[in-house]
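Only one structure is covered here, and it is reproduced in the block below.
Each value in this text was obtained by applying a stated rule to the coordinates, not by laboratory testing. Computed from a prediction, not measured in an experiment: that's the story for all the values here. Note that each Cβ is placed from the backbone with ideal geometry, even for glycine, and that neighbours are counted across all protein chains shown.
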Amino acid sequence: MSHAEPAPRSLNFIEHVIEGDNASGKWGAWTRQDAASGQDASNPDAHAATEARIGKPRVHTRFPPEPNGYLHVGHAKSICLNFGLARAYGGKFNLRFDDTNPAKEEREYIQAILRDVLWLGADWSGPFGGGLYYSSDYFERMYEWTRELIRKGKAYVCGLTADEVSQRRGKPGVPATSPFRDRPAEDSLRLLEEMRDGKHPDGSMTVRARIDLGSPNFNLRDPVMYRILHQAHPHAGGKWCIYPMYDWAHGLEDSLEEITHSICTLEFEDHRPLYDWFIDAINEARGGAKGSGPGAGLHSQGSAKGEFGPAIHHAQQIEFAKLIPTYTVMSKRNLLKLVQDGTVKGWDDPRMPTIAGMRRRGYPAESLRDFCLGVGVTKADSLIDVGRLENAVRHTLNRSAPRVMGVLRPLKVVIDNWSEGKTDELDFVINPEDPSAGKRKVPFGRELFIEQDDFMENPPRKFFRLAPGQEVRLRWAYIIKCVGVEKDAAGSVVLVRCTHDPATRGGDIPLGPDGKPVRKVQGTIHWVSAAHAARARVRLFDRLFTAEEPGKRTGNALDDLNPRSLEEVEALVDPWLVKNAKVRTRTPMETVHCSSGADSPAAKGPITCPEPDRVQFERLGYFCVDPDSGPEFGGTGQAGMLVLNRTVTLKDTWARESGKA
RNA sequence: UGGGGAUUGGUGUAACGGUAGCACGGCUGACUCUGGAUCAGCUAGUCUAGGUUCGAAUCCUAGAUCCCCAGCCA
């Protein structure tokens, strides 16, 4: 063992389960037919992945969002996990809308979710994609299965109202009750049909599973399978007025899609016995092997066996702890409230922890993926320092973002020994981390602006910036020396007079006879030329909440809102931005394989996504173009207006140190 | 009080009876035309009490603490 082997990445507990399943052959192997279904056949990469898949152990995951809001960073973790597993094991990943409750769901959310999932790179019809599905496309089958369970004596139509069910729920040790539990199957079958036909009002009756009214697990106390809801559905339209409950539907969806590993969050752990019960109940008196392996799924054509047909597929559910970052709220209820209250300007407000918000804020998809990968997967509740997400963003952007100079809070500087009207063109390194990015020119003149923070009349020790009598380097320009200040009536410095050293053009200090620089200048500050600078409206964001865990104190997260989460300043920026920066419209994917064909909102055209250009303002942070900018910047705002978002600051050890003092 | 989960440095996460490791943060220092980046070093941990064992984060017993569940939400 003389040479170092690259350490294999340690597996998380879900990967251990999968590797165990693969070793034992639990889920069988991909067949030729199975391996390609759900994918875009015209994609050559998909074809290659399909060929590679045939014969390998099946790993099929899914991400099942309800379209009742925008996706947030917690969903991003689930997407990365599920898609990442499919890719790592050469399997497939489905996107499935869990659209069982039309009261809360909207088409706008469907579109937003498609955009966000694709933006993150979880391409459901690409090489590792299994297609796009809607639970509502399965309603007919679920209805048939419901009839089957009634016929088997495992379900019944219950005439209790919601309040009555609640009153009769029982307590630990005290069983629930229902007077309708022994209703004859023929009666239930007839009532179910009437429910479907719209003959009964909302809330008047439900279909319930006959399981165990005394179970210590309340999910098993005859849970509701169907409720009446006379409401149009964003995907199914007006076809239904009864809708399946999530608990009844979810395992069936996984079954139909032949999902192997159904990954969800911890709160569904004690629903698992219910899902298992439903599948077992359907498989009772059916043929074929129960419990595992492909059954009567969407893509297989198993021959009918047993009274009710072949056994259906039974996915394995695995639960993990959801992602909770500090200083943010994750519940859709709270996020929706922020939007409806007008606390933020919409689901994609850059302060929101939504994927759309983070994209608009300037976070690259790659950073989100790195972050999600980095936090790991376990069953232990964990609070993730949101600074970790910000670090991931800095890490990506440091390598990729072009540098530019801009002054947020301008202070005027006049170079006394620079002649009026004279302009110099200086070389500016576009990205020191990426020499291939090259150089460009930046204009310099007699009047400049620097950052107010970069000048102090009475500086503390170790203030390596501009101060009376002190020298500083202007980035890529000249060494200047402060020779005087002018103040307004209130005594504030409004203008700094300096001289420049012509021998330091480009920012280099001349070398002495010994080959060493003749003097040392500690500080370098950024600047813009007053005659050339462009104006920009810059939005500076702070955390939306002031508490690590919003709502921990009072129970209401909104009590911890940060009243100063947004500040807007008029900045002066490098004119280069005006010609080069914009919000670009990307088309992440042209074709979409979908269970419901041309009826799907997704099938109505390519999915487009705004992707803002990002830059680093040297010494300040990363910024991106906001769509509130004018049309010339790819936005929808007032013509000529450039609006920038501060994505994240640079690490600032000076601010921390000087703050301590 | 019934049921279901969880507990390893400040934070996140490995180790599956055999040297408690990694990442982030923090602290030093080097380097630097961004007080950025980069590089090097340091820092600090098995919830508690018993038990089994040559050996326990890991197995057993008892306890503590935290999270989830009693929607016709998902």
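A few comments on the model shown:
- Residue exposure sequence - A:M358, A:M245 - by fewest surrounding Cβ within 10 Å: A:M245, A:M358
- Tensor-based shape of the range A:536-660 (alpha-carbon gyration tensor, a/c under 1.5 rounded, otherwise prolate or oblate): oblate
- Once both labels are positioned 7 Å from their Cα atoms along Cα-to-Cβ, the gap between A:D434 and A:K379 label points is 4.3 nm.
- The range A:156-199 - convex hull of the alpha-carbon atoms, volume per residue in Å³: 73
- Gyration tensor analysis over the Cα atoms of the range A:354-421 returns equivalent ellipsoid semi-axes of 41, 13, 11 Å (largest first, whole Å).
- Cys with no candidate disulfide partner in chain A (beta-carbon separation under 4.7 Å rule): A:C158, A:C241, A:C264, A:C482, A:C498, A:C594, A:C609, A:C624
- Rounded, prolate or oblate (a/c below 1.5 giving rounded, otherwise prolate when a/b exceeds b/c) for the range A:155-272 by Cα gyration tensor: oblate
- For chain A, the pair-distance distribution built from all alpha carbon pairs, in bins 10 Å wide starting at 0, is 3, 13, 20, 21, 16, 11, 8, 5, 3, 1, 0 percent.
- For chain A, with +1 on Lys and Arg beta carbons and -1 on Asp and Glu, the positive-most of A:G376, A:Y226, A:S595 along the dipole: A:G376
- Most tightly packed first, judged by the mean number of other beta-carbon atoms within 10 Å of their residues, the peptides A:389-396, A:615-622 read A:615-622, A:389-396.
- When only Cα pairs below 8 angstrom with a gap of at least 6 residues are kept, chain A shows a relative contact order of 11 percent.
- Measure of compaction for the range A:406-525 (Cα Rg per 2.2 N^0.38 Å): 1.12
- Dipole of chain A, positive end: most advanced residue of A:V117, A:Q33, A:W248 [Cβ charges, Cα centre]: A:V117
- Ranking A:G131, A:A155, A:N580 by Cα position along the charge dipole of chain A, where only Lys, Arg, Asp and Glu carry charges on their C-beta atoms, puts A:N580 farthest toward the positive end.
- 5 angstrom amide H check on A:Y89, placed H, neighbours 5+ away: none
- Prolate/oblate/rounded call for the range A:517-590, Cα gyration tensor, a/c under 1.5 rounded: oblate
- Rounded to the nearest 20 debye, dipole of the range A:463-605 from Cβ charges on Lys, Arg, Asp, Glu: 480
- Among beta bridges that DSSP assigns inside chain A, antiparallel share in %, nearest 5: 65
- Remark: the range A:435-451, residue by residue, has Karplus-estimated 3J(HN,Hα) of x, 5, 5, x, 10, 9, 9, 10, x, 10, x, 5, 9, 10, 10, 10, 6 Hz, where x stands for each Gly or Pro and the curve is 6.51 cos²θ - 1.76 cosθ + 1.60 at θ = phi - 60°.
- Under a 5 Å amide H cut-off, with hydrogens placed 1.01 Å from N, A:F545 pairs with A:N562 among residues at least 5 apart or on other chains.
- Computed on the range A:44-163, the Cα convex hull volume stands at 156 Å³ per residue.
- Dipole magnitude of chain A, debye to nearest 20 (Cβ charges: Lys/Arg +1, Asp/Glu -1, about Cα centre): 1020
- The Rg/Rh ratio for the range A:98-232 is 1.07, where Rg is the radius of gyration of the alpha carbons and Rh is the Kirkwood radius.
- Ellipticity estimate at 222 nm from DSSP helix runs (n ≥ 4, -39,500 (n - 2.57)) divided over chain A, nearest 500: -7500 deg cm²/dmol
- Most tightly packed first, judged by the mean number of other beta-carbon atoms within 10 Å of their residues, the peptides A:146-158, A:420-432 read A:146-158, A:420-432.
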